[in-house]
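Input: a single structure, listed below in structure tokens.
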Amino acid sequence: MKKLLLLVVSFGLLFGLEIPKSHLVDTKWVMENLDNPKLKIVDTREKKEYDAGHLKNALHIPKSAYFQGKVDGVFKLYSTPEQMTAIFQNNGIKEDDIVVFYSAGIKDEDFGDGASGLWNAWIYGFENSVILNGGYAKWIYENKPVTTELPTIVKSDFEFATYKKGSLSSMSDVLEAIYDDEIQISDARVSNPYLGKDTNKELARFGRIPTAKLTPVIRHVKLIDNKYYELVSQEESQKALSNSGFGIELNKPLILYCNTGHKARGLWFVAKFIANMKNVSVYDGGIVEYSRSSLKMETGEPTE
């Protein structure tokens, strides 16, 4: 089998397709490249939604496919190299393709579905992928063509072979960050679970990881014409992360977490590609794993 090579053209031209530095594309970009054979479009919605209508040639790889890792009863935030290899092979994706992930776009957290797919591929070295801003909802709003026809798939010989530790953190990394002023921790959830006001049955204890700053991922999207959600600009995103000086510092390493990864992977995409932070990773066990340990948790308003 062919091994995946890190493509040096990730931020340039690939078969006539230009991958933006933000890894975010609009509906015009997708429409113009819809018939390019090197473009693979991935619909991350539920099957019934996909069956009702999707973009031309769109493959169906729902968000659940990117949450397959499990250790000691705790869902890790990544699927294994073998699982991701099978997903790409069975959907005919090759190492020199460009993958566009799109979500429903009707909720403020939807883009995390696409971000989950992109992040899972990214940690194993596949960088030539993007997210469709606004998702399916914007595509429909603009009256762009949809279909119910299923694409013809020829299985590929793709195989993931690279592991990029930089975008993934463990509990040990989190523990180090708690005591290191130069490494930041960020909670991508909303205020109630951050403060400990939670009822999530997956958690053994409620609250947050010590030193974590509250940086909800939903601050980075805006509702357009009451129809679909789009990601905000770089300036707006950086401002939201900073939170008037009470949030994170953009020039320091950042570890992100939420309950089970959806929000954290969305915020990873925002911090890395929209806000242009250089060192961003996702804690692979989330607060679910952390709450089951004996490590300290905090509740209530931060004292610092």
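The values are calculated or read from the model by the stated rules, or taken from the named source; none is laboratory data. These figures come from a predicted structure and were not determined experimentally. Positions of Cβ are backbone-derived with ideal geometry, glycine not excepted, and every protein chain shown enters the neighbour counts.
Restricting the search to the range 226-284, which residues are among the charged types (D, E, K, R) and either surrounded by 15 or more Cβ atoms within 10 Å (Cβ to Cβ) or not assigned by TED's automatic domain parsing to the domain that holds residue 211 (or both)?
Across the range 226-284, the qualifying residues are 230, 236, 239, 263, 265, 272, 284.
Taking the range 181-192 as the region of interest, how many residues are part of a helix (DSSP H, G or I) and either in contact with a Ser or Thr (Cβ under 9 Å, 6 or more places away or on another chain) or assigned by TED's automatic domain parsing to the domain that holds residue 106 (or both)?
0
Could you pull out the residue among 155, 138 that is in a helix (DSSP H, G or I), within 25 Å of residue 98 (Cβ to Cβ) and of a type in the set (Lys, Arg)?
138
Go through the range 170-206 and give me each residue that's over 25 Å from residue 108 (Cβ atoms) and either touching a residue at least 24 places away in the same chain (Cβ under 8 Å) or surrounded by 20 or more Cβ atoms within 10 Å (Cβ to Cβ) (or both).
170, 171, 173, 174, 175, 177, 178, 182, 183, 204, 205
For the range 39-54, how many residues meet the condition of being under 13 Å from residue 136 (Cα atoms) and not acidic (Asp, Glu)?
So the count comes out to 8.
Only one of (1) over 17 Å from residue 103 (Cβ atoms); (2) touching a residue at least 24 places away in the same chain (Cβ under 8 Å) is not met by residue 30, so which one is it?
Among (1) over 17 Å from residue 103 (Cβ atoms); (2) touching a residue at least 24 places away in the same chain (Cβ under 8 Å), residue 30 violates only (1).
With the structure loaded, tell me whether residue 55 is surrounded by 15 or more Cβ atoms within 10 Å (Cβ to Cβ) and over 16 Å from residue 135 (Cα atoms) or whether it fails that test.
So residue 55 fails the test.
Of everything in the range 195-221, what is outside any loop (DSSP other than H, G, I, E, B) and in contact with an Asp or Glu (Cβ under 6 Å, 6 or more places away or on another chain)? Give them in sequence order.
208, 214, 218, 221
One residue is enough: does the range 128-146 have a residue meeting the conditions of a type outside the set (Val, Ile, Thr), more than 15 Å from the chain's Cα centre (by Cα) and at positive phi?
The answer is yes; a qualifying residue exists.
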